[in-house]
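Inspection log for the structure reproduced underneath, given as structure tokens.
FYI, it's all coordinate maths here, none of it is from the lab. All figures in this text were calculated on a predicted structure; none of them were measured in a lab. Note that each Cβ is placed from the backbone with ideal geometry, even for glycine, and that neighbours are counted across all protein chains shown.
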Amino acid sequence: MTSSNSTQLLPLQILWDWLRQQSLLRSPFFPVFFSLTIYLSFCLPYICLDILCSQLTLIQRFKIQPQSQVTWGMAQNCLCTILRNHVCFIFPLSVVHWYFRSTSSPPLAPDMLTVVKDILACLLLFDTQYFLWHVLHHKVSWLYRRFHREHHFYRATFSLTTENSSVWEMLSLSFFTKLNPSLLDCHPLTEMLFYITNIYLSVEAHSGYEFPWSPHRLVPFGLYGGAQHHDLHHLKFKVNYAPYFTHWDRLFGTLKHD
Ligand SMILES: [Zn+2]
Ligand SMILES: [Zn+2]
């Protein structure tokens, strides 16, 4: 019996066995395709809410800045920036990475507990790295003007503002996202699941909506910031620098709730 057969009932093993057979994953186009598909899929439900928002007061109740409206021009502007960054920068870099990548992959999938622990560790590391990067790019005015101001173009967040950022900001965040699973020696499947979780949480933080099931309501003791937390950063600039969790802002006195 092979090691793969012995664990065939585990859902992660079934998923991993299926992924290893997909030739698309070995294509140099896959990172850009994957990144754009996941990102736009997470944005799509919020884009639908933005379209319906002007007609349905029920949706407006959940909007963090109800007076703000997302127009087609705003969405188009963000989409152009996202496509420019992916086509001109992410794609060439992913081709270089693809050329030097390891062609072997482990036959066994990780167990669920390891995946959850590793994703949480990657998120905490990413949160710390982005907090430091973010504070630096707000405190040094040249860095703010040159690299971070583009992300602050809109003072009310909506899902497509998540990756509406300069090339340097996008490359910095991509570097942290790639670095952390390597530092923690994560399984490639965990790396992929971390990437998806990270994009989902980033889009949720920029969604501009606050629902009863939003992540910050599910995490106890106010440890998680979420959409309201990050929307306030876009509105007031000098508060809530961490992307997800609240401990760094609490420690440095930059945490604000309203
Ligand atoms: Zn900022
Ligand atoms: Zn933001």
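A dipole drawn for the chain from +1 and -1 charges on Cβ atoms has a positive end, and of Phe153, Val219, Thr103 the residue lying farthest that way is Phe153. Scanning residues 5 or more positions from Tyr209 or on other chains, those with amide H under 5 Å from its amide H are Ile64, with H placed 1.01 Å from N in the peptide plane. Applying D = kT/(6 pi eta Rh) to the stretch 172-246, where Rh is the Kirkwood radius over alpha-carbon pairs, T corresponds to 20 °C and eta to 1.002 mPa s, the Stokes-Einstein value obtained is 160 µm²/s.
When the helices in the chain are scored as -39500 (n - 2.57) per DSSP H run of 4 or longer and the sum is shared across all residues, what 222 nm value do you end up with, to the nearest 500 deg cm²/dmol? Result for the chain: -18000 deg cm²/dmol, rounded to the nearest 500.
Structural descriptor for the chain: relative contact order 22 percent, calculated from alpha carbon pairs under 8 angstrom and at least 6 residues apart.
Per residue, the convex hull spanned by the alpha carbons of the stretch 1-102 comes to 153 Å³. Shape class for the stretch 129-258, computed from the alpha carbon gyration tensor (a ≥ b ≥ c): rounded, with a/c under 1.5. The alpha carbon centroids of the stretch 136-205 and the stretch 15-76 are separated by 16 Å.
Pairwise alpha-carbon distances in the chain exceed 28 Å for 38% of all pairs.
Mind pulling the per residue volume of the convex hull built on the Cα atoms of the stretch 38-158? Å³ is fine.
It is 185 Å³ per residue.
Under a 5 Å amide H cut-off, with hydrogens placed 1.01 Å from N, Phe245 pairs with Gly225 among residues at least 5 apart or on other chains. Measuring nothing but alpha carbons in the stretch 101-148 and taking Rh as the Kirkwood radius, the Rg to Rh ratio lands at 1.28.
Rounded, prolate or oblate: pick one for the stretch 53-120, where a ≥ b ≥ c are the square roots of the eigenvalues of its C-alpha gyration tensor, a/c under 1.5 means rounded, and failing that, prolate if a/b is larger than b/c, else oblate. Taking the square roots of the gyration eigenvalues as a ≥ b ≥ c, the stretch 53-120 is oblate.
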